[in-house]
Each structure stands twice: as structure tokens, then as C-alpha cells.
């Protein structure tokens with residue numbers, strides 16, 4: 001994803017407009033990698049779907065001897081103040097168990113880190129303006145400052 005972002009910024013340097021596209025597979029792989037670095041992840045086996053303007057994240061939650069499937073549906077937009085992604089959880093279903101403590105903030109942090117951590121220094125001078133989600137692709141559009 002980093003090389004893809006770098007290329008989009010190089011291309012955008014000519015026009016001032018930068019468009020980045022991220023697929024479900026790329027997001028799934030990134031989140032799986034981040035979760036694997038955690039000794040006690042909030043969930044496992046992530047699968048991301050980008051459909052109808054929303055991000056849907058499926059996974060498995062294990063608490064003691066009990067396993068449950070989860071589905072978290074998120075609205076992803078742009079924080080107009082910071083120019084960074086803004087994630088709002090629209091719904092969360094953890095089967096018959098209570099939502100793990102801190103799951104909302106953990107998921108928001110992972111997704112925000114996917115944006116800021118992947119872009120890192122190359123994001124300097126870039127301001128995100130819109131995020132569109134459809135047909136398995138998240139398209140982020142912004143401008144060079």
C-alpha cells in the first residue's frame with residue numbers, strides 16, 4: 001500500500017489532486033498484520049468488506065471457552081478539522097456475548113493507524129477531502145497543500 005500511496009502522491013504533484021484506492025484485501029491484510037502483533041488482540045480472523053458506503057469488519061471473538069462471530073459496521077468519513085479519516089461505528093454485533101471493553105476505540109485506532117502509519121512522512125503536505133466506499137474499494141481523495 002505504501003508504494004501505491006507514494007505513486008499517487010507523485011502523480012498528484014502535477015495536478016494537485018491525489019486519489020488513493022484501497023481494496024478489501026489490502027485492508028484485511030493490514031488489519032490482520034496489526035492484530036498479529038498484539039499478544040491479546042480484541043478479535044481474530046478479520047475480513048473487511050467495503051460496500052454501500054460502509055466498511056464492514058467480520059471477525060471472531062474468543063472469551064474463555066466461548067467463541068462468537070462479530071460484525072462491526074462503520075461509517076468512514078473525513079474529519080474536516082484534521083483532514084484525517086473519521087471512523088464512526090454504526091452497529092456492532094458480537095453474537096450472544098457482550099462487546100469487549102474498548103473495542104470501539106481499538107478498531108478506530110487500528111484504522112487510523114492504517115492511514116497515518118502507512119502514509120507516515122509522505123502524508124506531509126497532503127490533506128484528505130473525501131472518502132467513498134463502493135464495490136470493494138475505498139477511494140480517498142485529497143489535495144496537495
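The values are calculated or read from the model by the stated rules, or taken from the named source; none is laboratory data. Predicted model, so just to flag it, every value in this text is computed and none were measured. Neighbour counts run over all protein chains shown; Cβ positions are idealised from the backbone, glycine included.
Numbers at a glance
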item: Residues that are touching a helix residue (DSSP H, G or I) at 6+ places or on another chain (Cβ under 6 Å) and modelled with pLDDT under 85, drawn from the range 50-90; result: 85, 87, 89
item: Selection count where residues are touching a strand residue (DSSP E or B) at 6+ places or on another chain (Cβ under 9 Å), more than 18 Å from residue 62 (Cα to Cα) and modelled with pLDDT under 90, scope the range 28-49; result: 1
item: The range 1-51, residues that are on the phi > 0 side of the Ramachandran plot and free of Cβ contacts under 8 Å to residues at least 60 places away in the same chain; result: 45
